[in-house]
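Enquirer: Handing you this structure, nothing more for now.
We did not get these values from a lab; they are worked out from the coordinates using the rules stated. Not measured: the values here are computed from a predicted model. Reconstructed Cβ throughout: ideal geometry from the backbone, glycine too, with neighbour counts over all protein chains shown.
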Amino acid sequence: MVFFFFVSHLLLLLRDSKMVLCFCGNVVVVRTSWTSRNPGHRFYTCPKMGSRCGFLGWVDPPMCQRSTVIIPGLLRTMNRYEVEVGQLKMCLLAS
């Protein structure tokens, strides 16, 4: 817990200078979580895909409970519509 406290305070200091480094020493990238637990929540992570660096720092403040319920539902609806639009395009091209 002390380690997380240190990292979160270090992130606050480094974020103001716009340069956050992961444990590997690389400049971190900002990604967006689309999990049901943290939908739309941006986070800092190591730029190397598959890295075992383990660096994670949240960019955004925690989301309210209502957002964690509404956003996944909106994403499911959007995905359904994208599939439907794709099917309609295929029908139009076939005719």
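Enquirer: Once phi is turned into θ = phi - 60°, what whole-Hz ³J(HN,Hα) does the Karplus curve with 6.51, -1.76 and 1.60 give for every residue of the stretch 61-73, x standing for Gly and Pro?
Expert: x, x, 7, 6, 4, 4, 4, 6, 8, 6, 4, x, x
Enquirer: With labels modelled as points extended 7 Å from the Cα through the Cβ direction, what inter-label distance (nm, one decimal) is found for residue 58 paired with residue 94?
Expert: With each label placed 7 Å out from Cα toward Cβ, I get 4.6 nm.
Enquirer: Taking amide H positions as placed in the peptide plane 1.01 Å from N, state which residues far from residue 21 in sequence (5 or more) or on other chains have amide H under 5 Å from it.
Expert: 28
Enquirer: Let me ask you something else. Search the structure for amide H atoms under 5 Å from the amide H of residue 41, placed 1.01 Å from N in the peptide plane, and list their residues when 5 or more places away or on another chain.
Expert: HN-HN under 5 Å from residue 41: 33.
Enquirer: Compute for the stretch 13-79: radius of gyration divided by Kirkwood radius, i.e. Rg/Rh, restricted to C-alpha atoms, rounded to two decimals.
Expert: When Rh is taken as the Kirkwood radius, the ratio is 1.06.
Enquirer: Residue 23 versus residue 66, label points 7 Å from Cα toward the beta carbon: distance in nm?
Expert: 3.8 nm
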